[in-house]
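Presented below is the structure to which this report refers.
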Amino acid sequence: MNTEEHIYQLREELRQHNHNYYVLDTPTISDYEFDMKLKELQALEEKHPEFYDANSPTLRVGGEVTKNFETVVHDYRMYSLDNSYSKEDLMDWEARIKKLVDGSVSYTCELKYDGASISLTYEKGTLVRAVTRGDGIQGDDVTTNVKTIKSVPLKLQGAYPDRFDIRGEIVLPYEGFAKMNQARIAAGEEPYANPRNTASGSLKLQDSSETAKRPLDCLLYNLAGDRLGIDSQYESLTKARDWGFKVPEESRLVHSIDEVLAFVNYWDEKRRDLPYETDGVVIKVNDLLQQDELGFTAKAPRWAMAYKFKAEQAVTTLNEITYQIGRTGAITPVANLTPVQLAGTTVKRASLHNADQIEKLDIRVGDTVFVEKGGEIIPKIVGVDFTKRISSSEPTKYITSCPDCDTPLTRKEGEAQHYCPNDLGCPPQITGRIQHYIARKAMDIEGLGGETVALLVKEGLIENYADLYTLTKAQVIPLERMAEKSADNLIAGVAKSTEIPFERVLFALGIRYVGETVAKKLAKHYKHIDAIIAATEEELVQVDEIGSKIAQSVREFFTIEANRALIDRLKSYGVQLAITEEQLANQTNILSGQVIVVSGVFEKVSRNELKKMIEDNGGKVSSSISSKTTYLVAGANMGPSKLEKANKLGVSIISEDTFLSLLDT
């Protein structure tokens, strides 16, 4: 056996032993024997660099340093999930599903692990990329650090697709987390707060050898890709397991909501026996064709639902009520509490929502309160222990003026929140609008964070987001914690933001009620900021999914002279305030006003490509057939109920070829 063959043999042996130990939990050699083989391979690789392999088992120990984690766009968007909390929620969800798909529906139940979401990309059986969830559209490339996690296969086994993504959670088992904290306490350092945040932070360590020291695990549960040759979610879990991934064995295939609830109830009790944190169950429609039929809303798949375990409660004391001002001027009352442990974290603050909620629960300073952490990230007060209220207690009087600029607060009829109307002079609103502008889903300005924005405002260097484009290196270098390279990155990041497409710029402007989806609709319809500025309320509500409240807010924003002046300045700095010619070249109005349903399996293009073609050519994609439907584009294996409904309503049924020829003409 020559040296190259010996190196190859050692790598294959170590990969198999690694899989046996970290994935299957059935080691076949001792730790000592494994270490000896690893050292032998390391020595051979050092002596023969010509046989380098980026996925060698020796690289699991880390050592590479990443100073800046590159932002990468996901090939397939990572959606969040809708939440449910009761049998009624699940039954409502099932009823919606059965209106949209044919035949019986089965479900895959999987435990919802509380970790850091990750997307792994494999090409020809080799790990090529690991990306954090980020905002679901793009995340950070953390491949170097993820390669140190022993349960992540660097090379796959068996027969696998040529290229695909697999999604899961990076978790930190309780036992490993406890040992890490014991070591920190022994070294006189503060212990980590909880496993989830520690796992997430581990992925962004600059030195991968530090990540390698942490006992991270990777649990995988969802495949994404084209033509993977898999028909169901449960089959995908089995196949992924065969390829070498660590797929939790607790998943079950069930056939009714009652079986789903039995699974939920079982694990609500038994989850404490698991080595990881879990906070619920994810229920997915099992059949992938049915998943395709159901599709997605703007934020979540219609074919999946997260059932959250019963909320955990704690009892503590309300010491003070303070008030926060958001970028829109909305006032949020905050309860400052005696610190208490809740769901693995120390809770010091909780949301009180609004004046009505405070009055409804009769919450007062000094009260003993019940704090709950359910589906929401921010804990909330759900009740007061009136038996412990002191006799001198007085009802809470909600503030009448802004705590930052002292402007009298306003409250519109029918709205729950109070607002500070001083939008151009209230410091938190000024800072908040700029922080929204630079956010990842908006302008995504690299090198500029929320704290730096607050500092720039405080130092008088900026008063609005247009001022960012006039900043110079000389102005920002004197700022606290601002080194020369950081200053260069900030200025370069601002300059690069002029490449951000119009729809995201429109979202970044911070118009109330104009979220990502609404911004996309407006940009697509009007194509230029000037057309939106000129549009009347009556014209705006004619745009798909734009209601009167949104239309009124858009008009109000652009009638303010200061806002129009900001737009003019952004134009002068080269910010994209119109759809580019390149984007327009791929769009037409051929299908304008037409509502189209896509159903079945297609040969020439995928279902998602068909939907994009419809939208790019001015049409609207719908998931259900109604009297408003113009066409049903029918592929193979289309459900009979859709066909029956289309015929009943007189909807035109066309083939994939007919649809494509329609666009050609």
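Which is out of contact with any strand residue (DSSP E or B) (no Cβ under 9 Å at 6 or more places or on another chain), among the acidic types (Asp, Glu) and more than 19 Å from residue 248 (Cβ to Cβ), of 162, 135, 140?
135
With the requirement that a residue be part of a loop (DSSP other than H, G, I, E, B), within 15 Å of residue 354 (Cβ to Cβ) and polar (S, T, N, Q), what does region 370-414 give you?
396, 400
Yes/no matrix, rows are residues, columns are (1) open to solvent by 20 Å² or more (accessible area, probe 1.4 Å); (2) under 24 Å from the mean Cα position of the chain (by Cα); (3) within 22 Å of residue 572 (Cβ to Cβ); (4) of a type in the set (Val, Ile, Thr):
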{"position": "455", "(1), (2), (3), (4)": "yes, no, no, no"}
{"position": "463", "(1), (2), (3), (4)": "yes, no, yes, no"}
{"position": "470", "(1), (2), (3), (4)": "yes, no, yes, yes"}
{"position": "487", "(1), (2), (3), (4)": "no, no, no, no"}
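When the residues of region 352-366 are narrowed to those that are open to solvent by 50 Å² or more (accessible area, probe 1.4 Å) and assigned to a loop (DSSP other than H, G, I, E, B), which ends up farthest from residue 193 (Cα to Cα)?
Per the criteria, the residue is 365.
Can you give me the ranges of the strands (runs of 3 or more DSSP E) entirely in region 70-128 with at least 2 residues that are more than 18 Å from residue 254 (Cα to Cα) and aliphatic (A, V, I, L, M)?
So the answer is 71-73, 116-123.
Are there any pairs, at least 6 apart or on different chains, whose C-beta atoms fall under 6 Å, with the first in region 250-276 and more than 19 Å from residue 237 (Cβ to Cβ) and the second part of a helix (DSSP H, G or I) and open to solvent by less than 40 Å² (accessible area, probe 1.4 Å), and if so, which?
Note: pairs meeting the criteria are 257/90; 257/94.
With respect to residue 73, determine if the residue is closer than 22 Å to residue 226 by Cβ and under 20 Å from the mean Cα position of the chain (by Cα).
Answer is yes for this residue.
Determine which single condition residue 349 fails, assuming it passes every other condition in (1) over 26 Å from residue 197 (Cα atoms); (2) open to solvent by 40 Å² or more (accessible area, probe 1.4 Å); (3) not in a loop (DSSP other than H, G, I, E, B).
(1)
Is it true that residue 417 is in contact with a Ser or Thr (Cβ under 9 Å, 6 or more places away or on another chain) and either part of a loop (DSSP other than H, G, I, E, B) or surrounded by fewer than 21 Cβ atoms within 10 Å (Cβ to Cβ) (or both)? Spell out how you get there, then give the answer.
On the way: in contact with a Ser or Thr (Cβ under 9 Å, 6 or more places away or on another chain): yes; either part of a loop (DSSP other than H, G, I, E, B) or surrounded by fewer than 21 Cβ atoms within 10 Å (Cβ to Cβ) (or both): yes.
Here the answer is yes, as residue 417 does meet what is asked.
State all residues of region 536-556 that are farther than 18 Å from residue 524 by Cα and open to solvent by less than 30 Å² (accessible area, probe 1.4 Å); if no residue qualifies, say none.
Residue satisfying the conditions is 553 alone.
Of all the residues that make up region 276-325, how many are at pLDDT 90 or above and either open to solvent by 30 Å² or more (accessible area, probe 1.4 Å) or among the aromatic types (Phe, Trp, Tyr) (or both)?
Count: 12.
Tally the residues that are in a helix (DSSP H, G or I), crowded, with 19+ Cβ neighbours inside 10 Å and either out of contact with any Asp or Glu (no Cβ under 6 Å at 6 or more places or on another chain) or not polar (S, T, N, Q) (or both), restricting the search to region 201-238.
At the first step, the residues of region 201-238 found to be in a helix (DSSP H, G or I) are 201-202, 208-212, 233-238.
Restricting the remaining residues to those that are crowded, with 19+ Cβ neighbours inside 10 Å gives 202, 208, 211-212, 233-234, 236-237.
Now narrow it down to the ones that are either out of contact with any Asp or Glu (no Cβ under 6 Å at 6 or more places or on another chain) or not polar (S, T, N, Q) (or both): 202, 211-212, 233-234, 236-237.
The total comes to 7.
Consider residue 412 against the criteria (1) under 24 Å from residue 561 (Cβ atoms); (2) charged (D, E, K, R); (3) buried (at least 20 other Cβ atoms within 10 Å of the Cβ): it satisfies all of them except one. Which criterion is unmet?
All conditions are met except number (3).
Output the number of residues of region 150-191 satisfying the condition of being of a type in the set (A, V, I, L, M, F, W, C) and buried (at least 17 other Cβ atoms within 10 Å of the Cβ).
Adding up the residues that qualify gives 10.
For region 546-601, how many residues meet the condition of being part of a helix (DSSP H, G or I), within 31 Å of the chain's Cα centre (by Cα) and polar (S, T, N, Q)?
5
Taking the conditions exactly as written (surrounded by 20 or more Cβ atoms within 10 Å (Cβ to Cβ) and of a type in the set (S, T, N, Q)), does residue 194 satisfy them or not? Before you say what the answer is, go through the steps one by one.
Details: surrounded by 20 or more Cβ atoms within 10 Å (Cβ to Cβ): no; of a type in the set (S, T, N, Q): yes.
No; evaluated as a whole, the condition is false for this residue.
The values are calculated or read from the model by the stated rules, or taken from the named source; none is laboratory data. These numbers were taken from a predicted model, which means no experiment stands behind them. Don't worry about glycine lacking a Cβ; one is built from the backbone with ideal geometry, like all the others, and counts go over all protein chains shown. For the accessible areas, the whole protein counts, side chains as well, though only heavy atoms, and no ligand, DNA or RNA atoms are used. Shrake-Rupley method; radii C 1.70, N 1.55, O 1.52, S 1.80 Å.
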